[in-house]
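The values are calculated or read from the model by the stated rules, or taken from the named source; none is laboratory data. These numbers were taken from a predicted model, which means no experiment stands behind them. Don't worry about glycine lacking a Cβ; one is built from the backbone with ideal geometry, like all the others, and counts go over all protein chains shown. Only protein heavy atoms, including side chains, enter the accessible area calculation; ligands, DNA and RNA are left aside. Shrake-Rupley method; radii C 1.70, N 1.55, O 1.52, S 1.80 Å.
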Amino acid sequence: MERREVAAVLTYVGRLDPRTIRTDAGEARDQLAMWHELLADVPMATGQGWDVRDVVRKRVVASPYPILPADVAREWNAHYRDRLGRHTDPTPMADPDDPHAWRAELVATRDAVVTGRIAPTPHRGVTTGEPQPGLKKMLKAVGTYVPDAVRAELAPFRPARAAREAAIAAGGPDIFSVPCGRCSAPQGEPCRERSGGGVRNRNTKPRVEPHPVRVEDALAAQAQALPA
């Protein structure tokens, strides 16, 4: 703010809180100099939710003490950080080989956001909803996430998963599609068995072969899924 704008703010403050009024010419001059020193970088108002008068009014209502210029400056700093925190720098249009022009455009954009000339540019969030049409066809054309050759090499290191995949390939049910009624292994996880004595070591070792009751439940689920 310029000195005349700070003087207008002081006039408004004095109207709301007469304790801040200085009748002596020297004191009034010193008060104006102090407020201008602290608020020189603070705008009077912006187009995006900042107005010094709102800050002054809320502060006078909330605090029994006379308002200080530092109170206004702190509110502006909080407003400044909030707007920058909700902003993502867009890619500048300047030549990336010209770092000075690139930086100047970024600084100008941020200044426009802070001073309310433009709204913050938010992060691009992941949207919800139905998958893009044709996504399954595209994924099928790309192939599986783990190639068959890699899957075969990994089989010795994950025997439970290898046994599950072999059963599905042979036309059997997906054993992991149902929880285990014996060891309480959740859906998608292999069965487990006790690896030692004591309660702490119960059901901590994965089984290569699922429990028979889980196989029966998977067969029943597969039979129910088949068309009549």
Go through Gly181, Gly171 for me and flag whichever is in a loop (DSSP other than H, G, I, E, B), loosely packed, with under 12 Cβ neighbours inside 10 Å and free of Cβ contacts under 8 Å to residues at least 40 places away in the same chain. Gly171
Test each condition in (1) within 30 Å of Thr121 (Cβ to Cβ); (2) in contact with a Leu (Cβ under 7 Å, 6 or more places away or on another chain); (3) surrounded by fewer than 13 Cβ atoms within 10 Å (Cβ to Cβ) for Ala73 and report the one that comes out false. (3)
Got a sec? Which of Tyr80, Tyr65 is in a loop (DSSP other than H, G, I, E, B), open to solvent by 40 Å² or more (accessible area, probe 1.4 Å), at pLDDT 80 or above and out of contact with any Lys or Arg (no Cβ under 7 Å at 6 or more places or on another chain)? Tyr65
What tally of residues in the range 108-119 results from selecting those that are under 12 Å from Thr91 (Cα atoms) and either surrounded by fewer than 13 Cβ atoms within 10 Å (Cβ to Cβ) or in contact with a Ser or Thr (Cβ under 8 Å, 6 or more places away or on another chain) (or both)? 0
So Thr11 ticks every box in (1) in contact with a His (Cβ under 6 Å, 6 or more places away or on another chain); (2) more than 28 Å from Ala119 (Cβ to Cβ); (3) β-branched (Val, Ile, Thr) but one. Which box is left unticked? (1)
Out of the residues in the range 1-46 meeting the condition of being assigned to a helix (DSSP H, G or I) and β-branched (Val, Ile, Thr), tell me which one is most open to solvent (accessible area, probe 1.4 Å). Thr11
Taking the criterion of being surrounded by fewer than 12 Cβ atoms within 10 Å (Cβ to Cβ), modelled with pLDDT of 85 or more and over 16 Å from Pro159 (Cα atoms), would at least one residue in the range 189-201 satisfy it? no
